[in-house]
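**Q** For reference, the structure I am asking about is given below.
The values are calculated or read from the model by the stated rules, or taken from the named source; none is laboratory data. Values in this document were obtained by computation on a predicted structure and should not be read as measured data. Cβ: placed from backbone, ideal geometry, glycine included. Neighbour counts: every protein chain shown. Surface accessibility is based on the protein's heavy atoms, side chains included, excluding ligands, DNA and RNA. Shrake-Rupley method; radii C 1.70, N 1.55, O 1.52, S 1.80 Å.
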Amino acid sequence: MSLTTPERIRRLQRKLYVKAKAEPTCRFHQLYDKVYRADILEHAYRLAKSQNGAAGVDGVSFADIETRGEGSWLKAPIEERDEQGHRRLIGGKSSRTGTPQGGVLSPLLANLYMHRYLRYWQQQGKSDQFRAKVINYADDFVILSHGRAPEALAWTRAVMTKLKLTLNETKTCIRDARQESFDFLGYTFGPAYYRKTGGRYYAAQPSAQSVQRLKEKLHAVFQRGNVAPWPEVVAQANRLLRGWANYFGYGTLRKAYRAIDNYTYDRVVRFLKKRRKVSSRGTEKFPGEKVFGELGIQRLRSLAYGD
């Protein structure tokens, strides 16, 4: 197995080097098509294998890759945990549709295909035709249109068919954002109402599903089987809470933050009541001021409002 850089790759390297030296202020904006070239990927694989690298978090070694066939990449399994914290694998050899969500290859392929779609959208002048704008992140996207949503959706379906892709019909729909809400990237966008006056405004807030997912993760931390010392339990919970708040730090937050704080307090009281064998309800021994103060649990509302 030769580790010598193929001449075709060396020519590309030289061109990039000469360009960078001659024009120090130049920025290379289109290198994706170079990175995923088959010859470059094959050479990178040979170099990585020559270093005798250990398996990554998925436990797959070079021997495993070659046993299944180096062409082992759309069938890579993904490990995740269910609501009870049990391990499970998705994807793998039995998969027949695309890459499993969370796969290391999934973001690359999503961006490659979405780039083709977005470039064609731009070339065909669809922003003006549909009075619309496409907002995307990897393979998730929404089209914001002024009165041309059905036409934009029909055109998108046709283009995706040409790319041999299909839209996720369970998530694909048309919404009147003046009257209806929709979810995107963990947020719910749409009309909301002031509690005191009943006045309407347009809000972006953490979706109910995003709130529920965090609750499930917190439930796993504060379950009876967690025998870690209390400082470690606090660190586990606070990593989840602060990480979630770092992402969901935009828009209307009070309702979601209050729900998480209330749930966290309830789980902490239940957890400590069992661990410390408290016979009472536990709320008197572990009031909110103590849980979110002396005991060190992060209160989300204090991050946003300084409560």
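**Q** Return the residues of segment 151-162 that are of a type in the set (S, T, N, Q) and open to solvent by 60 Å² or more (accessible area, probe 1.4 Å); say none if nothing qualifies.
**A** The answer is Thr161, and nothing else.
**Q** Still on this structure, I have one more. Could you tell me which of the residues Leu109, Leu144, Leu165 is part of a loop (DSSP other than H, G, I, E, B), open to solvent by less than 90 Å² (accessible area, probe 1.4 Å) and on the phi < 0 side of the Ramachandran plot?
**A** Exactly one of Leu109, Leu144, Leu165 is part of a loop (DSSP other than H, G, I, E, B), open to solvent by less than 90 Å² (accessible area, probe 1.4 Å) and on the phi < 0 side of the Ramachandran plot, namely Leu165.
**Q** Something else: Output the number of the condition that Glu169 fails; it satisfies all remaining conditions of (1) modelled with pLDDT of 90 or more; (2) closer than 28 Å to Leu108 by Cβ.
**A** Only one criterion in (1) modelled with pLDDT of 90 or more; (2) closer than 28 Å to Leu108 by Cβ is unmet by Glu169, namely (1).
**Q** For residues that are among the hydroxyl-bearing types (Ser, Thr, Tyr) and more than 18 Å from Leu112 (Cβ to Cβ), scanning just segment 1-45, find the one that is surrounded by the fewest Cβ atoms within 10 Å (Cβ to Cβ).
**A** Thr25
**Q** For segment 255-270, how many residues meet the condition of being touching a strand residue (DSSP E or B) at 6+ places or on another chain (Cβ under 9 Å) and open to solvent by 40 Å² or more (accessible area, probe 1.4 Å)?
**A** Residues that pass the stated criteria total 1.
**Q** Could you check, for segment 49-71, whether at least one of its residues is at pLDDT below 65, not small (Gly, Ala, Ser) and not in a loop (DSSP other than H, G, I, E, B)?
**A** no
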